[in-house]
Structure formats: C-alpha cells, structure tokens
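Let me begin by presenting the structure, written as structure tokens, before commenting on it.
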Amino acid sequence: MIDKADSQILDLLQADGRLTNAEIAEKVGLSQSACHRRVKQLEQAGVIEGYSARINRSAIGLNLHAYVFVKLDFHTEDNITAFENGVNLIEEVVSCSAISGGGDYILQVVAKDMNGFAEVALKKLARLPGVKDSSSNFVLSTMKQSAGWPMSI
C-alpha cells in the first residue's frame, strides 16, 4: 500500500530521478535513513522499475512522431505472439499497447523524417506476421507530456 510519504517520494523521483536521498528526505520530512529504506522498499516491490534520463527526441534527430493503429487478420495465440515478438524487435517502435475499439494495437513510432517513417511502415510494420491493416496519425505538436504518473488519484 502506498501511503502519503511514498506518494511524495514517487512524485519527486518522477520529476527528478537525480535527487539525492538527503534532498528527498528533506522535502518529504523524513530522516535520511527512513527515506532510504522507503525508496529501497519501493524498488524491491517493483513500484520503482528503474531510473532513466528523458531525452529531447528532436535534439537527437528524431523529428517525426506518429501513432500507428494496427489490425490483425486473425486473433490466434500464435498470430498474436508472432506479431508481438516482431514489433518488439523494431527499434523505431517506442511503445506498443493492445487496445479496445477499432484496432488491435496502437504503436508509437519515431523516425528522422518521412522517408525514415516510410521505411518502418512499409518494410517493417507491414511485413509483421498477421498484420491486416494499419493507419498512421502524425503528431503535429505536443501540448502536454507528463514526466510520470499522477500520484494524487
């Protein structure tokens, strides 16, 4: 169970994963040892899955960001497994989720430009096992991108 102190710790770490234990403890109002113990417990429980840096994708040349909806032709276990294994091998696919509604999956795809995206769409995604149809939506601008999950809900 996540209590108020754990929630505050998680909020702080999501905003800045480089905070020291002393900084977190001071902001949460805990001793350093109690704070360290809580962070370790959150890690061991799998609540904190890891630490990473947020990278500005445009600064590294990934100027195109798209959402691709994919429909499969058959929903057999083998077909689903083959698709999921294949999509996990495509570096340009930065996330893939099974969805409800009109499609089966939604993929976030990045590329340097439209030519790079065309390579991914036509030579990688379209050739994955079981793909019946796909449609792409290109991100024109992003108004909000959270650093993590809301802890106040």
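The values are calculated or read from the model by the stated rules, or taken from the named source; none is laboratory data. Here the structure is a predicted model, which is why all the values come from computation and not from measurement. Every residue, glycine as well, gets a Cβ built from its backbone with ideal geometry; the counts of neighbours run over all protein chains shown.
Things worth noting here:
- Residue in the range 132-141 that is surrounded by 17 or more Cβ atoms within 10 Å (Cβ to Cβ) and among the basic types (Lys, Arg) present: no
- Long-range neighbours under 8 Å by Cβ, at least six apart or interchain, first residue free of Cβ contacts under 8 Å to residues at least 60 places away in the same chain within the range 113-128, second surrounded by 14 or more Cβ atoms within 10 Å (Cβ to Cβ) and part of a helix (DSSP H, G or I): Leu125/Val87; Leu128/Ala82; Leu128/Phe83; Leu128/Gly86; Leu128/Val87
- Any chance Gly101 is at positive phi, of a type in the set (Gly, Ala, Ser), in contact (Cβ under 8 Å) with a residue 12 or more places away in the chain and not assigned by TED's automatic domain parsing to the domain that holds Ala15: no
- Residues of the range 108-120 that turn out to be touching a strand residue (DSSP E or B) at 6+ places or on another chain (Cβ under 9 Å) and assigned to a helix (DSSP H, G or I), as a count: 6
- Looking only at the range 39-94, and only at residues there that are of a type in the set (Phe, Trp, Tyr) and under 14 Å from the mean Cα position of the chain (by Cα), the one that is nearest to Val110 (Cα to Cα): Tyr67
Residue by residue, here is whether (1) part of a helix (DSSP H, G or I); (2) over 19 Å from Ser135 (Cβ atoms); (3) in contact with a Cys (Cβ under 8 Å, 6 or more places away or on another chain) holds:
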| residue | (1), (2), (3) |
| --- | --- |
| Glu49 | no, yes, no |
| Ile90 | no, no, no |
| Cys96 | no, no, no |
| Ser100 | no, no, no |
| Ile106 | no, no, yes |
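- Any hit, the range 50-68, residues being surrounded by 15 or more Cβ atoms within 10 Å (Cβ to Cβ), of a type in the set (Phe, Trp, Tyr) and either touching a Pro at 6+ places or on another chain (Cβ under 7 Å) or in the same structural domain as Ala121 (by TED's automatic domain parsing) (or both): no
- Test: residue in the range 8-28 that is over 29 Å from Ser141 (Cβ atoms) and part of a loop (DSSP other than H, G, I, E, B): yes
- Residue list for the range 129-140, filter: at pLDDT 95 or above and in a loop (DSSP other than H, G, I, E, B): Val139, Leu140
- When we screen Phe83, Phe74 for residues that are farther than 26 Å from Thr142 by Cα and in a helix (DSSP H, G or I), the only hit is Phe83.
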